[in-house]
Amino acid sequence: MKKAILVIILILSLLFIFKKDNKVLESKEENLNKILAYYIEDESGSYKEIETNTWDKYMYVFNEDLSYCENGSKLAWNNITKKINLNINKSDRCYIYYDKIKTMEDVCSIREKLTECLTKLNSQYPSYEKTGLIKHDSNSADEMVREYGIGNDDLRYSGDNPNNFVCFGPGAEDYSNGGKNCPVENLYRIIGLVDVPDQEQKLIKLIQSEYATKEQLGEDTPGGNYIYPNDYANIARVQKTKPDYGFLWNKETNIWSDGSYNYWEKEENGTIKKASINEALNDNYISYLKNNNDNLTWVDKIEKVKWNVRGGRSQEINNAKGKSVYEQEMKIAIDNQIEEEIGLIYVHDYAFTSDKKNWNSKLYPDYNSDSNRQNNWLFNGVYEWTILRYYLMTGNGYSIGKNGQVNSGEIKNNLFAVRPTFYLTEDIQYAGGNGNALTPYKINI
């Protein structure tokens with residue numbers, strides 16, 4: 001019997017294509033419904049059959065364990081195309097199951113603290129598959145989490161594209177007050193509820209979803225036009241983000257007396273000198289957040305914290321695994337700390353946004369892999385700066401490469417993308433939303 005490839009798209013589809021003997025045969029929906037049966041999980045945890053494939057693709061995830069075909073045809077999720085591949089005999093009948101993704105909307109009350117909401121989400125739905133959220137528990141029953149996670153009880157979003165969007169910043173007021181849409185430039189993503197240097201409490205850490213523009217970081221910030229690489233544009237997540245402007249981590253003329261120009265910030269002769277991108281983030285970007293409005297300033301919702309910026313050598317950072325990188329960044333190399341509102345991601349942040357199956361891999365070269373690229377929500381197929389400098393070298397810093405691996409290179413010559421990163425104050429409250437890009441979480445303003 002001839003076999004064909006059938007692609008099921010997570011939107012209403014009235015026509016499916018079969019191939020037989022190199023001829024295209026059309027199959028109308030009424031015929032297809034004789035072959036496929038769809039089941040989605042309801043609020044009680046039971047599965048109900050639905051008549052057609054029209055549910056919200058952001059809120060359901062394919063359950064490969066439950067899905068099956070009566071006569072042996074094969075169902076598999078394609079993480080690049082975000083579709084199901086189905087090798088099917090036309091005489092077969094298949095049953096396709098989807099689980100409902102759980103978000104803070106399922107566990108939180110309006111005006112409940114966002115930190116408490118995230119904790120409740122993990123407590124009530126500890127399954128990573130249900131939420132995209134992983135608790136870095138040193139006693140976890142999951143071997144990958146226990147052996148290769150941080151082990152400090154951080155709650156971190158990992159995997160392909162979890163529902164961790166937040167609407168934040170000037171322009172978000174209308175959405176927070178009941179408006180229907182959050183502007184793209186106001187989309188941020190929750191890295192997790194994580195430890196903060198020299199603080200006893202965990203705070204929610206955000207990163208801007210899109211890349212910073214020269215309007216946000218200032219026309220005077222050293223940068224230039226950015227040529228977007230298309231190497232991995234076949235990944236659905238990558239297609240959406242194409243920065244047109246890149247920035248230098250620091251300009252060549254901004255040099256300290258020891259000949260270095262890769263300090264994030266360092267006092268010298270009684271004067272604090274900052275790297276160019278640090279100045280842009282904590283001056284121009286702060287001004288952008290204030291938006292000339294003294295009565296409503298988003299800066300008030302950002303915690304001023306200490307950032308560990310000493311850095312490390314190659315064998316300690318990009319030639320290492322996420323767990324040891326965390327140890328280096330947050331516990332060992334802490335003799336150079338600065339206190340600011342805005343920073344960039346640490347290298348370990350990127351390591352643990354990848355699916356847990358990759359945590360036993362080195363950031364260079366192992367993260368240059370489909371396994372990481374297709375299952376790491378922070379990877380967008382571009383060169384992107386981190387906050388970390390190359391310790392003991394005068395002019396190098398660490399960046400995420402366009403292929404997914406972590407690189408080190410000169411900070412004065414490379415124009416890379418920048419995503420502002422910061423911690424929310426502990427009193428921020430949940431105001432609605434389910435965390436996907438169309439209906440991101442709202443916070444009280």
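The values are calculated or read from the model by the stated rules, or taken from the named source; none is laboratory data. Remember, predicted model here, so these are calculated numbers, not experimental data. Note that we place each Cβ from the backbone using ideal geometry, even for glycine, and neighbour counts take in every protein chain shown.
Among the criteria (1) closer than 30 Å to Ala280 by Cα; (2) surrounded by fewer than 20 Cβ atoms within 10 Å (Cβ to Cβ); (3) in contact with a Gly (Cβ under 7 Å, 6 or more places away or on another chain), the one Tyr232 does not fulfil is (2).
The number of residues in region 386-406 being more than 19 Å from the chain's Cα centre (by Cα) and assigned to a strand (DSSP E or B) comes to 4.
Results for (1) more than 18 Å from Ile190 (Cβ to Cβ); (2) without any contact (Cβ under 8 Å) to a residue 60 or more places away in the chain; (3) crowded, with 20+ Cβ neighbours inside 10 Å; (4) not charged (D, E, K, R), shown as yes or no for each residue.
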site	(1), (2), (3), (4)
Arg313	yes, no, no, no
Asn319	yes, yes, no, yes
Gln328	yes, yes, yes, yes
His348	no, no, yes, yes
Ala351	no, yes, yes, yes
Asn368	yes, yes, no, yes
Val406	yes, no, yes, yes
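Evaluation of Asn414 against the conditions (1) over 29 Å from Asn368 (Cβ atoms); (2) assigned to a loop (DSSP other than H, G, I, E, B); (3) not aliphatic (A, V, I, L, M) shows that the sole unmet condition is (1). Scanning region 155-180 for residues that are out of contact with any helix residue (DSSP H, G or I) (no Cβ under 6 Å at 6 or more places or on another chain) and free of Cβ contacts under 8 Å to residues at least 60 places away in the same chain yields Asp174, Gly178, Gly179, Lys180.
Scanning region 370-380 turns up one or more residues that are in the same structural domain as Gly223 (by TED's automatic domain parsing), in a strand (DSSP E or B) and under 17 Å from the mean Cα position of the chain (by Cα). The condition of being in contact with a strand residue (DSSP E or B) (Cβ under 6 Å, 6 or more places away or on another chain), assigned to a helix (DSSP H, G or I) and assigned by TED's automatic domain parsing to the domain that holds Asn436 holds for only one of Asn318, Asn282, that being Asn282. Scanning region 125-151 for residues that are more than 22 Å from Thr439 (Cα to Cα) and either without any contact (Cβ under 8 Å) to a residue 24 or more places away in the chain or not assigned by TED's automatic domain parsing to the domain that holds Thr353 (or both) yields a count of 10. Taken over region 134-173, the criterion of being aliphatic (A, V, I, L, M) and within 26 Å of Thr297 (Cα to Cα) is satisfied by Val166, Ala172. Of all residues in region 197-217, those being closer than 19 Å to Leu415 by Cα and outside any loop (DSSP other than H, G, I, E, B) number 5. The residue that is modelled with the lowest pLDDT, among those in region 381-403 that are within 20 Å of Tyr226 (Cβ to Cβ) and out of contact with any strand residue (DSSP E or B) (no Cβ under 8 Å at 6 or more places or on another chain), is Gly381. The residue of region 30-60 that is surrounded by the most Cβ atoms within 10 Å (Cβ to Cβ), among those that are modelled with pLDDT of 85 or more and among the charged types (D, E, K, R), is Glu41.
The single condition among (1) in a loop (DSSP other than H, G, I, E, B); (2) closer than 21 Å to Ser287 by Cα that Val166 does not meet is (1). Name the residues in region 412-428 that are at pLDDT 95 or above, touching a Phe, Trp or Tyr at 6+ places or on another chain (Cβ under 8 Å) and either charged (D, E, K, R) or more than 16 Å from Tyr346 (Cα to Cα) (or both), would you? Selection gives Arg419 alone. Within the set Asn85, Asn71, Asn22, Asn63, the sole residue that is among the polar types (S, T, N, Q) and modelled with pLDDT under 80 turns out to be Asn22. From the list Asn177, Asn161, Asn139, the lone residue that is modelled with pLDDT under 95, exposed (fewer than 15 other Cβ atoms within 10 Å of the Cβ) and not aliphatic (A, V, I, L, M) is Asn177.
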